[in-house]
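The structure appears right after this line, and notes come after that.
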Amino acid sequence: MDPYPNHSTNHYARNTTNSTSVDLFALTLGTEKTRELLAAVVVTVTLSFLGALGNLLVMLITWPRSSVKSGLDLLIFHFVGANFFMLLVNIPVGVLMIAAKQWGYKAPIHTCAVVQTIFGTGWSAINWMDAALAINRFIALFFPHTYRIWTSKAITWGTVIFTWLISLATNIPLAFNIGGRMVLLPLGYCAALTSKDNVDTALTTLKFYLPYALTGVAAVILLFKTYFGMKSRNRITQRDGRSFVAVVRRFRMARMVLLVFLWTGVCVLPGNIVSVSFAYVFTQNPVSGLWLRTCLVLQYGFTPCILLLTNAEYRVRCRRLLGKLSDCTCRAVTDAPPTSNKHHSRDRTLPT
């Protein structure tokens, strides 16, 4: 599945029919390109597996607790869950489609209508959840007195449902050739071919540009607020009690949102540059273009590392969880009956 679908297929699809399948040339890979394809697949799958484990760990750490009134953990849990979904489902499906094509099996034409819709929905949901986290931190810093109202579990659940609904609603039209169409690329994986009309512009804005803009603006504001706030933080004495702890925690969470946004930009920027200025890479050198998908895997896989590094509370929960897992493993090993030794002792006592 093409992670940068808006430009990658336009270059070689101008003279095609309206068929859903795009296979304009017989893709013959030499030895060097075959090795590069294998390397890209192995690296992508390995990073996806490691990233899925990291996301699973953070999901266990941020599991919503009934004792917590704020819905922030619930929001972070679903954000990490969406990343986990991309790594465990969408990325492996694309790899399997590429491998199947190399083994001589070509996916049916209608497959991309389902596969690419699921991929695009997950991608858009992550963008909107990232924006929701940024807005959450914005409210925490600028409207602390109404923070509990805006982050109640009811509103947080509504936010989560909204992110999935708007993501699904902006990706389904392409499956019915509205605002673009789903295509099957020569390597065997799916992409979305946009139509460059008003409908396409509206859908792309809702899927990518608007959540990116909301996250970016909020992150910049949080950056300045955090910078100037840290200067005045020294004036907050311990006599303030709860306010001191609350301010420190909000600054740390603001830093987390900012780093997630910057990391997302680093991972997405290479693909956007290639799509705009070097779109021919996807047609003339499609194997090398696959490495851009690995950038998305890095985005989804290493976001949990940012959450752990920037949040002391999550690190404490992580150590407790790993400690419990270690204790359970030790008990399982010590409680296992030494059956092998018993068999050997019986063999030695048998009469000759």
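The values are calculated or read from the model by the stated rules, or taken from the named source; none is laboratory data. Fair warning: this is a prediction, and the values are worked out from it, not measured in the lab. Neighbour counts are summed over all protein chains in view; Cβ atoms, including those assigned to glycine, are modelled from backbone coordinates with ideal geometry.
Confirm whether P186 is crowded, with 16+ Cβ neighbours inside 10 Å and over 24 Å from L223 (Cβ atoms).
Judged against the criteria, P186 is a match.
Restricting to region 102-142, name every residue that is aromatic (F, W, Y) and within 21 Å of V160 (Cβ to Cβ).
Here is the first cut: in region 102-142, the ones aromatic (F, W, Y) are 103, 105, 119, 123, 128, 138, 142.
Those that are aromatic (F, W, Y) and within 21 Å of V160 (Cβ to Cβ): F119, W123, W128, F138.
Report, by residue number, each residue of region 89-110 that is touching a strand residue (DSSP E or B) at 6+ places or on another chain (Cβ under 8 Å) and in a helix (DSSP H, G or I).
Scanning region 89-110 gives G94, M97.
Which condition number in (1) part of a helix (DSSP H, G or I); (2) under 20 Å from the mean Cα position of the chain (by Cα); (3) at pLDDT below 90 is the one that W63 fails?
(1)
Where in region 119-225 are the helices (runs of 4 or more DSSP H), entirely inside, with at least 1 residues that are in contact with a His (Cβ under 9 Å, 6 or more places away or on another chain)?
153-175
Looking only at region 132-158, which residues are touching a Gly at 6+ places or on another chain (Cβ under 9 Å), modelled with pLDDT under 85 and farther than 18 Å from P64 by Cα?
L141 - this is the single residue of region 132-158 that is touching a Gly at 6+ places or on another chain (Cβ under 9 Å), modelled with pLDDT under 85 and farther than 18 Å from P64 by Cα.
Scan region 295-316 residue by residue and report those that are buried (at least 17 other Cβ atoms within 10 Å of the Cβ) and either closer than 12 Å to T62 by Cβ or of a type in the set (S, T, N, Q) (or both).
The answer is Q299, T303, P304, L307, L308, T310, N311, Y314.
For residues that are over 27 Å from L174 (Cα atoms) and touching a helix residue (DSSP H, G or I) at 6+ places or on another chain (Cβ under 6 Å), tally how many sit in region 202-222.
Final tally of qualifying residues: 3.
I'm trying to understand the selection: among the residues of region 279-323, which are in contact with a Cys (Cβ under 7 Å, 6 or more places away or on another chain) and under 13 Å from G54 (Cα atoms)?
L298, Q299, L308
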